[in-house]
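Chemist: One structure is given below, represented as structure tokens, and several questions about it will come after.
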Amino acid sequence: MKNNKGYRNSEGTESVSQAAKLAVIAGAITTLGDALATIAAGLALEDELKENESKNNNDMDKLQKQIDDLNYEMKQLKKMFR
């Protein structure tokens, strides 16, 4: 009978050991997945910032052109009233 109980304990220990190994592997996979998700979010943010920067530069160029056009129009009006 003692051997039978010893066998059960050995089997239970092996089962716990396998469960612990699986838990460690699952934790490692989860950590890797979280790291990949963080990298993906960083890349998406970087792309968004570049897009906004490009848009802002384009808007500034449009504003500068409008200012230049208004300056030209004012010079033309000054010439007309002289």
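Chemist: Rounded to the nearest 20 debye, what is the charge dipole size of segment 42-82 about its Cα centre when +1 sits on each Lys and Arg Cβ and -1 on each Asp and Glu Cβ?
Modeler: On the way: 8 positive and 10 negative charges, 145 e Å.
Here the size comes out at about 700 debye.
Chemist: I've got another one for you. Using a Cα distance threshold of under 30 Å, what count of lysine pairs results for the chain when pairs must be 8 or more residues apart or interchain?
Modeler: 11
Chemist: Continuing with this model, one more query. I'd like the orientation of helix 2-80 relative to the chain: the angle between its Cα long axis and the longest Cα principal axis, in ° from 0 to 90, rounded to 10.
Modeler: Helix 2-80 and the main axis of the chain meet at about 0 degrees.
Chemist: Each label point is 7 Å from the Cα along the Cα-to-Cβ direction; what then is the distance between the points at Val24 and Asn52, in nm?
Modeler: 4.4 nm
Chemist: Between Asn71 and Ala44, what is the label-point separation in nm under the 7 Å Cα-to-beta-carbon projection?
Modeler: 4.3 nm
Every number here is computed from the coordinates shown, using simple stated rules; none is lab data. Keep in mind it's a predicted model, so treat the numbers as computed, not measured. Neighbour counts are summed over all protein chains in view; Cβ atoms, including those assigned to glycine, are modelled from backbone coordinates with ideal geometry.
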